[in-house]
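Below is one structure, written out as structure tokens, with a few remarks after it.
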Amino acid sequence: MEEKGKKPPLLQVIDLHTSFTTDNGEVLAVNGVNFTLEEGKTLGIVGESGSGKSVTAYSIMQILEKNGHITEGQILFQGEDITHYSPKQMNVFRGHKCAIIFQDPMTSLNPVYTVGNQIEEAILIHSDKSKSEARAAALEMLRLVGINDAERRIKQYPHELSGGMRQRVMIAMALASEPSILIADEPTTALDVTIQAQILELMQELQRKLNMAIIIVTHDLGVIAQMADEIVVMYGGRICERGTADDIFYRPAHEYTKGLLRSIPRVDNMKEKLIPIGGNPINLLNMPKGCAFCARCDEAMKICIDEVPPELRIHDTHLASCWMNVKNQNYMEVPDKDE
Amino acid sequence: MTKYLIKRILLAVLSVFVICLITFFAMNAVPGGPFNSEKALSEATKAALEKRYNLDKPVIQQFFLYLGNILHGDFGVSLKTGRDISGTILECFKVSATIGGLAALFAVIIGVVLGAIAALFRNRWPDRLIVFLTTLFTAMPSFVFATFLLMIFCIQLKLLPVWDASSKSLVLPVVALAAYPTAYITRLTKSSMLDALSQDYIRTARSKGVPTIKVIFKHALRNALIPVITYIGPMLAYILTGSLVVENIFTIGGLGQQFVKSITNRDYPMIMATTIFLAVIMVVMNLLSDIMYKVVDPRIKLD
């Protein structure tokens, strides 16, 4: 698959399919997702609720709900497929190679254990440090994430900390075992705007210090614009567009992305009215035959109903799956499937 | 914490006083008296007896006389047997508490383990079996279950004695007494365990690479035990003080039996003493469970 001698990418997700077994049938939450994450880079996954962005993240960590399972595809970590890992191997991968922080720091920490206990636990699992060494390391992590008075905080329970501080604790815990990937699942959604900026800055700072890759999952385009080297836009379990922040924000090539951008306020054009995307997110139980966004798309054509659009290269770094690009001949080439 | 304890103890004294008051007047409001059933008593003897036990005085005065006595630690003597009441109650309590304590221990251990298993194997056969059994034991009255136990283990299989002084004869009463609380704790643990397992912090623990066993026992179980603990306090109070039904079926001279006997005998001082004793146990157990609550859940503030 890759040239000899070349180091495999840090993380490669190939044709990932994840579905949930429910009483109403099989819900296809992720439907053929591909992306590559290089060391030290930031990938942003953006999409609305139900687009499959969080499920993609949870699939990588294999922390799906009991009824969820990866049905197809590969997840290669440094060239090794982790989807066939045993639970034991997976426990080494989780936390040690790849860590995750969640949307709601209020409920993501165990209320009955101290902050210190929970960080130390993460350290002790993945190293043979003694309890006191783990304590010292936990203190250092708390200082690293910018918590003042760490000696006092380490003995406190989650309910004694503010939301922003809890998210810092979550980050400290996630980074305690020096993972090479940090997945941030809506890391700032539950926080105040001022705290949001602090947390994002902290993540960027730590990324530089520790040279880790970040996957940031969010519905907040502002967060993505600030953080990501590459952006993946998801809709209905598929990737509809990917590219650099500039590609996505200045030259969107998918009707869904265009709609998303029209629906957020811009500093340079405050007078323009915001236009919401009409209709509701699609029902994953009943996926359309063609483009998933078709029913809500103003530009929908007949072919959109019948066929899934292929991913076309619009520009070097910029790919999109929209029939409009075919109609307008707005593409460079059809990417080689065997690439 | 100290302030809280003082407040709680003062409140406890108040509760016990109110219980005393209500019991004393309710007891006296019921027609009849301790010496009514004895046909042979002459009017003169009866009057003499009533005078001897202050029963000829107004009820209010009787109440305060009684209060004065118990404040001196004097619970009086049984009107029926003439024996010292504190001694009788302690003796009976020892019997009830032994059986009750064992039953409570059984109920908590088995209940929590079965509840956790049911939650982990939700909708699979171990869960279904446990749900069936808990429904059965919650629904079956203890006299039916106790009788079944006697029939099967003592009469049919002859594994255990129907009654003797050995510790073997404790087995069946303990099982009979534990059946309901075990079933209840199992159900409680199962539902709170399911709730705990679906929480975000469980996902966090898994994402740290914590092995499943530790996720369940460290992260889920401790949270799941919080509602169980609130039940254990009152359950202990109830179970330690003896069950009338189980004690009667297995002919155990415990507190439950004593209590009912004292009521049918109109043995006023005995009724009062037993009531106060039960009230104190109940209040103490509730206080203990509140303190336990705080130990398990740091979010609880006692004040």
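Out of the range B:181-211, which residues are away from every other protein chain (no Cβ under 14 Å), of a type in the set (S, T, N, Q) and open to solvent by 50 Å² or more (accessible area, probe 1.4 Å)? Correct list: B:Ser191 only.
Do any helices (runs of 4 or more DSSP H) lying entirely in the range A:114-220 carry at least 1 residues that are under 18 Å from B:Asp200 (Cα atoms), and which ones are they? Before you say what the answer is, go through the steps one by one.
Details: elements: A:115-126, A:131-144, A:150-153, A:163-175, A:193-210.
So the answer is A:115-126, A:163-175.
Taken over the range B:230-272, the residue count meeting the criterion of being part of a helix (DSSP H, G or I) and either of a type outside the set (Gly, Ala, Ser) or surrounded by fewer than 23 Cβ atoms within 10 Å (Cβ to Cβ) (or both) is 30.
Among the residues of the range A:192-224, just one is of a type in the set (Gly, Ala, Ser) and under 14 Å from the mean Cα position of the chain (by Cα), namely A:Ala213.
Only one of the listed residues (B:Lys46, B:Lys51, B:Lys57) is among the charged types (D, E, K, R) and not in a helix (DSSP H, G or I). That residue is B:Lys57.
Scanning the range A:236-282 for residues that are assigned to a helix (DSSP H, G or I), surrounded by fewer than 13 Cβ atoms within 10 Å (Cβ to Cβ) and not β-branched (Val, Ile, Thr) returns A:Tyr250, A:Asp268, A:Asn269. If you check A:Ile216, A:Ile239, A:Ile171 for being touching a strand residue (DSSP E or B) at 6+ places or on another chain (Cβ under 9 Å), within 14 Å of chain B (Cβ to nearest Cβ) and modelled with pLDDT of 90 or more, only one passes: A:Ile171. Can you name the residue in the range A:181-199 that is open to solvent by 10 Å² or more (accessible area, probe 1.4 Å) and more than 14 Å from every other protein chain (Cβ to nearest Cβ) and is also nearest to B:Tyr201 (Cα to Cα) among such residues? Taking the candidates together, the pick is A:Leu191.
Checked against the criterion of being at pLDDT 85 or above, open to solvent by 20 Å² or more (accessible area, probe 1.4 Å), closer than 30 Å to A:Lys88 by Cα and within 14 Å of chain A (Cβ to nearest Cβ), the range B:293-302 has no qualifying residue.
Taking the criterion of being among the charged types (D, E, K, R) and free of Cβ contacts under 8 Å to residues at least 24 places away in the same chain, the residues of the range B:74-90 that qualify are B:Asp74, B:Arg83, B:Asp84. Would it be correct to say that B:Lys214 is out of contact with any strand residue (DSSP E or B) (no Cβ under 6 Å at 6 or more places or on another chain), of a type outside the set (Asp, Glu) and away from chain A (no Cβ under 14 Å)? Here the answer is no, as B:Lys214 does not meet what is asked. With respect to (1) within 26 Å of A:Val33 (Cα to Cα); (2) more than 13 Å from the chain's Cα centre (by Cα); (3) assigned to a helix (DSSP H, G or I), the lone exception for A:Asn286 is condition (3).
The values are calculated or read from the model by the stated rules, or taken from the named source; none is laboratory data. As the structure is a computational prediction, the values presented were derived from the model and not from experiment. Every residue, glycine among them, receives a Cβ derived from its backbone with ideal geometry; neighbour counts consider all protein chains shown. Surface accessibility is based on the protein's heavy atoms, side chains included, excluding ligands, DNA and RNA. Shrake-Rupley method; radii C 1.70, N 1.55, O 1.52, S 1.80 Å.
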